[in-house]
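Engineer: First the structure, then my questions, so here it is.
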Amino acid sequence: MPYYTYILTSHRNGTLYIGVTNNISRRLDEHRTATTPGFTKRYGIKRLVYVETYDDVRLAIAREKTFKRWPRAWKLSLIEDQNPQWLDLFETINS
């Protein structure tokens with residue numbers, strides 16, 4: 001079973017959200033439809049801009065924790081390196 005560590009944003013250089021899940025399609029749908037109250041709903045965070053896949057949930061969780069400890073500039077640089085136009089990767093995940 002794959003596990004995913006991902007970064008969402010409200011817009012380019014906007015508020016970031018880092019998460020981990022075993023069902024990326026379901027989780028993104030929850031964020032995009034704002035069905036669950038919380039941080040992403042409050043700040044309109046819906047755009048998937050970065051994702052990594054793991055076979056081991058422990059590695060995915062460790063990476064999430066690492067990202068959360070990084071300075072914001074490092075996170076922005078990671079996104080810029082992999083997705084310089086800050087495209088919403090939602091369609092690539094669901095195709």
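Engineer: List the residue pairs whose Cβ atoms are under 6 Å apart, where the first residue sits in the stretch 21-33 and is under 13 Å from Pro2 (Cα atoms), the second is not in a helix (DSSP H, G or I), and the two are 6 or more positions apart or on different chains.
Structural biologist: Sorted first by the residue in the stretch 21-33, then by its partner, the pairs are Thr21/Tyr4; Asn22/Met1; Asn22/Tyr3; Ile24/Tyr4; Ser25/Asn94.
Engineer: Kindly list the number of the only condition in (1) over 13 Å from the mean Cα position of the chain (by Cα); (2) buried (at least 19 other Cβ atoms within 10 Å of the Cβ); (3) among the aliphatic types (A, V, I, L, M) that fails for Met1.
Structural biologist: Tallying (1) over 13 Å from the mean Cα position of the chain (by Cα); (2) buried (at least 19 other Cβ atoms within 10 Å of the Cβ); (3) among the aliphatic types (A, V, I, L, M), Met1 fails exactly one: (2).
Engineer: Can you pull out every residue in the stretch 37-61 that is among the hydroxyl-bearing types (Ser, Thr, Tyr) and under 14 Å from His11 (Cβ atoms)?
Structural biologist: Filtering the stretch 37-61 down to residues among the hydroxyl-bearing types (Ser, Thr, Tyr) leaves 40, 43, 50, 53-54.
Those that are among the hydroxyl-bearing types (Ser, Thr, Tyr) and under 14 Å from His11 (Cβ atoms): Thr40, Tyr43.
Engineer: Kindly indicate the residue of the stretch 38-64 that is under 22 Å from Ile79 (Cα atoms) and basic (Lys, Arg) and also surrounded by the most Cβ atoms within 10 Å (Cβ to Cβ) among those meeting that condition.
Structural biologist: The selected residue is Arg47.
Engineer: Still on this model: Check the stretch 21-37 and report whether any residue there is within 18 Å of Ile79 (Cβ to Cβ), of a type outside the set (S, T, N, Q) and either assigned to a strand (DSSP E or B) or over 12 Å from the mean Cα position of the chain (by Cα) (or both).
Structural biologist: Within the stretch 21-37, not a single residue is within 18 Å of Ile79 (Cβ to Cβ), of a type outside the set (S, T, N, Q) and either assigned to a strand (DSSP E or B) or over 12 Å from the mean Cα position of the chain (by Cα) (or both).
Engineer: So, one more: Can you say whether Thr9 is of a type in the set (Val, Ile, Thr), surrounded by fewer than 18 Cβ atoms within 10 Å (Cβ to Cβ), closer than 19 Å to Asp88 by Cβ and touching a residue at least 40 places away in the same chain (Cβ under 8 Å), as far as the supplied structure shows? Step through it out loud before you land on a result.
Structural biologist: Values: of a type in the set (Val, Ile, Thr): yes; surrounded by fewer than 18 Cβ atoms within 10 Å (Cβ to Cβ): no; closer than 19 Å to Asp88 by Cβ: yes; touching a residue at least 40 places away in the same chain (Cβ under 8 Å): yes.
So Thr9 fails the test.
Engineer: While we're on this one: Which ranges mark the helices (runs of 4 or more DSSP H) fully within the stretch 53-95 that have 2 or more residues being within 14 Å of the chain's Cα centre (by Cα) and at pLDDT 95 or above?
Structural biologist: On the way: elements: 57-69, 72-82, 90-93.
Output list reads 57-69, 72-82.
The values are calculated or read from the model by the stated rules, or taken from the named source; none is laboratory data. The structure presented is a predicted model; accordingly, all values stated were derived computationally and were not measured. Neighbour counts are summed over all protein chains in view; Cβ atoms, including those assigned to glycine, are modelled from backbone coordinates with ideal geometry.
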